[in-house]
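A quick write-up on the structure given underneath.
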Amino acid sequence: YLSIENDERGTFAVWQYSTDLFDASTICRLGVHYVALLSAALASPETDVRMLPVLSDTEQAQLLYGFNATQSDFPQDALIHQLFEAQAQRNPTATALVFEQQTLSYGELNRRANRLAHHLIALGVRPDDRVALCVERSPEMVVGLLAILKAGGAYVPLDPDYPAERRAYMLADAAPVALLTQRSLIDESGPTLPTVLLDVQNPAIEELADSNPDAGAMALTARHLAYVIYTSGSTGQPKGVMVEHRNVTRLLAATQVDFQFDDNDVLTLFHSFAFDFSVWELWAALSYGGRLVIVSTACARSPLDFYALLCREQVTVLN
């Protein structure tokens, strides 16, 4: 608390505080704020006390300008999947995905995604079109995500664990032009739009070109949508947040400054792909040549199994 005394020498203020809760620098800062408040009150006695400043000019400049000096260089014209494609070209035999007993190299993942992307383009997917993806955690999930982006679309992830009512609402609200899913989920999704089953071998897709689709021919730019992920809906109906490619490449560039990801890193895709933290996990691995370990739903819910997975795969980056 603050006590103020007057004597012939002037006015003195004494702060008393618990050292278990505060350190001296905090109390000194409070003292500076108090002096700033008193000075402002004397200069403008008619002003409501709630409108008087408490920050010094230096603190105000730091708060308004210093802390907000977040400009940084990043590849503003790059597409997310192009960052992955560059890694696939640089080191096609490196392991990109691990899921239980399955592994996929960068080259094989890229080829599988390309064939599916060409199929989606043939279905009519165009830049900014939304494509829904409802699959269990698996390599097919990542193949689907990449294919949608390569086709110019924006993926709309539907977690199979979501209640059917929520998935139906998201499908109606996002108005996707196509749905990628699995045979076991098709009845629950009840789609009335073009549907591709990722767990069913399709000879027509297997025969398509495995080359990268031409983003330039599609006039696809970093200002086109990359994904639409829905909020929790805790304050009402879930809302689809539309995110562009450049938003994700900016995120990756900003975190790269601190983390310095490279092809020695191993990351887990632990969060649901319908939760936005998965974006950072997924693309921080595949954009810098790292290895992505997809955590199964059962493993994610078992701390002991998850810990064993981290040790076995020698994970270097964990959220």
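The values are calculated or read from the model by the stated rules, or taken from the named source; none is laboratory data. Just so it is clear, the structure is predicted and the values come from calculations on it, not from any experiment. Virtual Cβ from ideal backbone geometry, glycine too; neighbours counted across all protein chains shown. Accessible surface is based on the protein model in full, side chains and every heavy atom, while ligands, DNA and RNA are left aside. Shrake-Rupley method; radii C 1.70, N 1.55, O 1.52, S 1.80 Å.
Among the candidates Asp305, Asp263, which residue alone is over 13 Å from the mean Cα position of the chain (by Cα) and assigned to a loop (DSSP other than H, G, I, E, B)? Only one candidate qualifies: Asp263.
Taking the numbered list (1) closer than 25 Å to Leu83 by Cβ; (2) surrounded by fewer than 14 Cβ atoms within 10 Å (Cβ to Cβ) in turn, Ser184 passes all entries but (1).
Taken residue by residue, segment 45-63 has no member that is assigned to a loop (DSSP other than H, G, I, E, B), acidic (Asp, Glu) and either in contact with a Pro (Cβ under 8 Å, 6 or more places away or on another chain) or open to solvent by less than 30 Å² (accessible area, probe 1.4 Å) (or both).
Across segment 268-291, the qualifying residues are those that are in contact with a Ser or Thr (Cβ under 8 Å, 6 or more places away or on another chain) and in a strand (DSSP E or B), and the one among them that is nearest to Leu145 (Cα to Cα) is Leu269.
Scanning segment 91-150 for residues that are among the hydrophobic types (A, V, I, L, M, F, W, C), open to solvent by less than 10 Å² (accessible area, probe 1.4 Å), touching a Ser or Thr at 6+ places or on another chain (Cβ under 7 Å) and over 22 Å from Ala168 (Cα atoms) gives Ala96, Leu97.
Within segment 255-273, can one find any residue that is polar (S, T, N, Q), open to solvent by 60 Å² or more (accessible area, probe 1.4 Å) and at positive phi? Give the steps one after another, and end with the answer.
Here is the first cut: in segment 255-273, the ones polar (S, T, N, Q) are 255-256, 260, 264, 268, 272.
Okay, now just the ones that are also open to solvent by 60 Å² or more (accessible area, probe 1.4 Å), so 260, 264.
Pick out the ones that are also at positive phi and you get 260.
Yes, segment 255-273 contains at least one residue that is polar (S, T, N, Q), open to solvent by 60 Å² or more (accessible area, probe 1.4 Å) and at positive phi.
Screening the candidates Ala78, Ala13 for the property of being in a loop (DSSP other than H, G, I, E, B), touching a Ser or Thr at 6+ places or on another chain (Cβ under 8 Å), hydrophobic (A, V, I, L, M, F, W, C) and surrounded by 12 or more Cβ atoms within 10 Å (Cβ to Cβ) yields one hit, Ala78.
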